[in-house]
Amino acid sequence: MSIQRTLSIIKPDATRRNLTRVINEHLKRSGLKVVAQKRLLLTKAQAAKFYEVHAERPFFSELCEYMTSGQVVVQVLQAEDAVSLNRKVMGATNPEEAEAGSIRAEYALNITENSVHGSDSLENARIEIAFFFAEFELVV
Ligand code: ATP
Ligand code: MG
C-alpha cells in the first residue's frame, strides 16, 4: 500500500441537489483528502472523450447527455490506497446494489444518475487526473 491519488467527479444529479458539501464531508470522514477541486460544465466532446471506453455501450449517448446536463465538481482525492478506498466509499454503479452507507446507496437516483465517479485503477487515475488538472494545480 502507498499514498495514491484518484480522480473523483461529483456528477450533475448531485450538484443539482446541492450535495457537494455533504459528499465532501462523506469523503473526508472516510479518510479521502480533497487536494484539488474545480466546478465545470463539460462539453459533449469532453464527456465523450472522458467516457470513451464506453463508446460502444448502449447507454453511451444517455451517459454523455447526463454528464453535460449540469455542473460537475472534479476533484483529486489523496489517501493511502486511494483508488480502491474511493471505489468502496462510492459503492456499486447501480445504487440498488451499493453497500449500505456508501455514497451511491445514500444519494444516487439510479444507475445513470449515480452521483459520483471514481477512477477504477491507478493507471486510469493518472490518465483521468491529467485529463482535468495541470501539474501546477496539484501543489499539495
Ligand atoms: P464511473 O466510471 O462513473 O465511476 P462505474 O465505474 O461504477 O462509474 P462504469 O461501468 O464505468 O461504472 O459506467 C460509467 C457510468 O455509466 C456509470 O457511472 C453510470 O453513470 C453509467 N452506466 C453504467 N452502466 C449503465 C447502464 N447499464 N445503464 C445506464 N447507465 C449506465
Ligand atoms: Mg468507471
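May I ask you to list pairs of residues, at least six apart or on different chains, whose Cβ atoms are under 8 Å apart, with the first in region 6-20 being surrounded by fewer than 22 Cβ atoms within 10 Å (Cβ to Cβ) and the second being assigned to a helix (DSSP H, G or I) and at pLDDT 95 or above?
What qualifies is Pro12/Tyr66; Pro12/Met67; Asp13/Tyr66; Arg17/Tyr107; Leu19/Tyr107; Thr20/Ala14.
Condition (residue is assigned to a loop (DSSP other than H, G, I, E, B), crowded, with 16+ Cβ neighbours inside 10 Å, hydrophobic (A, V, I, L, M, F, W, C) and at pLDDT 95 or above) applied to region 48-63: is it met by at least one residue?
Among the residues of region 48-63, not one is assigned to a loop (DSSP other than H, G, I, E, B), crowded, with 16+ Cβ neighbours inside 10 Å, hydrophobic (A, V, I, L, M, F, W, C) and at pLDDT 95 or above, which makes the answer no.
Going by what's in this entry, would Val139 be described as more than 9 Å from ligand 1 (Cβ to nearest atom) and surrounded by fewer than 19 Cβ atoms within 10 Å (Cβ to Cβ)? It would help to see each step written out before you state the result.
Details: more than 9 Å from ligand 1 (Cβ to nearest atom): yes; surrounded by fewer than 19 Cβ atoms within 10 Å (Cβ to Cβ): yes.
Against the criterion (more than 9 Å from ligand 1 (Cβ to nearest atom) and surrounded by fewer than 19 Cβ atoms within 10 Å (Cβ to Cβ)), Val139 qualifies.
Output the number of the condition that Asn86 fails; it satisfies all remaining conditions of (1) crowded, with 16+ Cβ neighbours inside 10 Å; (2) on the phi > 0 side of the Ramachandran plot; (3) touching a residue at least 40 places away in the same chain (Cβ under 8 Å).
That leaves (2) as the condition not met.
Hey, among the residues in region 43-82 that are aliphatic (A, V, I, L, M) and either more than 14 Å from ligand 1 (Cβ to nearest atom) or touching a strand residue (DSSP E or B) at 6+ places or on another chain (Cβ under 6 Å) (or both), which one's nearest to Ile127 (Cα to Cα)? Can you show your working first?
Start the filter on region 43-82 by keeping residues that are aliphatic (A, V, I, L, M), which leaves 45, 47-48, 53, 55, 63, 67, 72-74, 76-77, 79, 82.
If we keep only those that are either more than 14 Å from ligand 1 (Cβ to nearest atom) or touching a strand residue (DSSP E or B) at 6+ places or on another chain (Cβ under 6 Å) (or both) too, we end up with 45, 72-74, 76-77, 79, 82.
Working: Ala45: 17, Val72: 18, Val73: 17, Val74: 14, Val76: 12, Leu77: 14, Ala79: 18, Ala82: 15 Å.
Per the criteria, the residue is Val76.
Do we have any residue at all in region 71-78 that's modelled with pLDDT of 95 or more, crowded, with 21+ Cβ neighbours inside 10 Å and at positive phi?
Within region 71-78 (the criterion being modelled with pLDDT of 95 or more, crowded, with 21+ Cβ neighbours inside 10 Å and at positive phi), the answer is no, since none of the residues qualifies.
Kindly indicate which of Thr15, Thr93 is hydroxyl-bearing (Ser, Thr, Tyr) and touching a strand residue (DSSP E or B) at 6+ places or on another chain (Cβ under 8 Å).
Result of the check over Thr15, Thr93: Thr15.
Identify, please: which residue in region 93-140 is acidic (Asp, Glu) and assigned to a loop (DSSP other than H, G, I, E, B) and is, among those, farthest from Tyr51 (Cα to Cα)? Show your work before the answer.
Step one: filter region 93-140 for residues acidic (Asp, Glu), giving 96-97, 99, 106, 113, 120, 123, 128, 135, 137.
Those still in the list that are assigned to a loop (DSSP other than H, G, I, E, B) too: 99, 113, 120.
Details: Glu99: 24, Glu113: 15, Asp120: 12 Å.
Per the stated criteria, the residue is Glu99.
Would you say Lys38 is of a type outside the set (A, V, I, L, M), out of contact with any Phe, Trp or Tyr (no Cβ under 9 Å at 6 or more places or on another chain) and either under 15 Å from His117 (Cβ atoms) or surrounded by 13 or more Cβ atoms within 10 Å (Cβ to Cβ) (or both)? Steps first, please.
Details: of a type outside the set (A, V, I, L, M): yes; out of contact with any Phe, Trp or Tyr (no Cβ under 9 Å at 6 or more places or on another chain): no; either under 15 Å from His117 (Cβ atoms) or surrounded by 13 or more Cβ atoms within 10 Å (Cβ to Cβ) (or both): yes.
In short, no.
Residues to consider are Ser119, Ser115, Ser84, Ser102; find the one that is touching a Phe, Trp or Tyr at 6+ places or on another chain (Cβ under 9 Å) and of a type in the set (Gly, Ala, Ser).
Values: Ser119 fails: touching a Phe, Trp or Tyr at 6+ places or on another chain (Cβ under 9 Å); Ser84 fails: touching a Phe, Trp or Tyr at 6+ places or on another chain (Cβ under 9 Å); Ser102 fails: touching a Phe, Trp or Tyr at 6+ places or on another chain (Cβ under 9 Å).
Sole residue among the options that is touching a Phe, Trp or Tyr at 6+ places or on another chain (Cβ under 9 Å) and of a type in the set (Gly, Ala, Ser): Ser115.
The values are calculated or read from the model by the stated rules, or taken from the named source; none is laboratory data. In this text, all values refer to a predicted model and were calculated from it rather than measured experimentally. For neighbour counting, all protein chains shown are included, and Cβ atoms are generated from backbone atoms with ideal geometry for every residue, glycine included.
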